[in-house]
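As structure tokens, the structure follows; a few thoughts come after it.
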Amino acid sequence: MSKGYTGVHAAVKFKRGIRPKHNGFEILGELQHNSILLRWRSSLWKLVWLQLLIYTVLYLVISMVYRFALTAEQSMVFDKLILWVRKNSAQLPLTFLLGFYVSLVVKRWWEQYVKLPWPDEVATYLKVAISKNPKKEETEDPETEDNENLKIRRTIVRYCLLSYVLCLRRISSLVRKHYPDMDHLVTTRLMRKDEADLIGEEDPEDMQKHGGSNWWLPMKWSIDIIRKTQMDGRLAN
């Protein structure tokens, strides 16, 4: 049985007049069980360390000048300046400005998240659309044609995922680390060896330039397959 207080145990203890002891680190919640606050890569410290360093240095410089470099008369003038700034800063709608800034940042992040393509919708449409047997029904087995439709749908979804991965390799270091070359894509069965030869090996420096990656080529193959299925009479509508 795990140690600590559950809801029932805590209620019993409170009723008896015995309150559980709380650790000062409990304010961190789940963060106290891992080292997420000590991470450097992709952390808040890495983003703000320069601004924080500049702010700290300026604060220390002003503090040292105020305590050791100013005369008594200059210190009184500086105190009056501090009181004046404190009085007028209360008139600024700082909370409103910060709330507006945070809402703008969250809105931009959410718009970027919504615009990410998802293969689920494509797979759903393919399941509905490519479901008919071709017009040459007298020469083919219906069960064989159903398997052929399934193979076509899987191929199109695979091409969509392949194009997605090739596109993300241009902008994401994590994706490039997971798929460093075309052999890894072949190993994960996102594409065949002959398809890798058609796309070609992509240089990490050139793929970030315009025209340096053939991420669009699997999408072209998908369009060609859909056009062929339409000509064969496999589309339901």
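The values are calculated or read from the model by the stated rules, or taken from the named source; none is laboratory data. Everything quoted here is computed from the prediction, not taken from an experiment. Please note: Cβ atoms are built from the backbone with ideal geometry, for glycine as well, and neighbour counts cover all protein chains shown. When the accessible area is computed, the model is the full protein with side chains, heavy atoms only, and any ligands, DNA or RNA have been set aside. Shrake-Rupley method; radii C 1.70, N 1.55, O 1.52, S 1.80 Å.
Spacing of the modelled spin labels on K177 and Q230, each 7 Å from Cα toward Cβ, amounts to 4.3 nm.
The stretch between F68 and H210 holds 45.4 nm of extra length on full extension. This uses 0.36 nm per residue minus the Cα-Cα distance. The Cα atoms of the stretch 100-237 give a gyration tensor whose axes a ≥ b ≥ c have a/c of 1.5 or more with a/b no greater than b/c, which makes the shape oblate. Between the alpha-carbon centres of the stretch 154-205 and the stretch 34-77 there is a gap of 46 Å. Of the residues N147, N88, L198, the one whose Cα sits farthest towards the positive end of the charge dipole of the stretch 79-237 is N88 (charges of +1 on Lys and Arg Cβ, -1 on Asp and Glu Cβ, taken about the Cα centre). Surface composition of the stretch 149-223: carbon plus sulfur atoms contribute 58% of the solvent-accessible area (1.4 Å probe, protein chains only, all chains present). Our summary gives the stretch 160-237 a relative contact order of 35 percent, counting only alpha carbon pairs under 8 angstrom and 6 or more residues apart.
For the peptides 157-168, 195-206, the ranking by packing is 157-168, 195-206, with the highest mean count of neighbouring Cβ atoms within 10 Å listed first.
For I130, what residues show an amide H to amide H distance below 5 Å, using hydrogens built from the backbone and excluding near sequence neighbours? HN-HN under 5 Å from I130: A236. Site pair W109 and Y59 shows an inter-label distance of 2.4 nm when each label is modelled 7 Å from Cα along Cα→Cβ. If you plug the beta carbon distance of L97 and L44 into 1/(1 + (r/R0)^6) with R0 = 25 Å, you get a FRET efficiency near 0.75.
With both labels modelled 7 Å from their Cα along Cα-to-Cβ, the K132 to F78 distance reads 8.5 nm.
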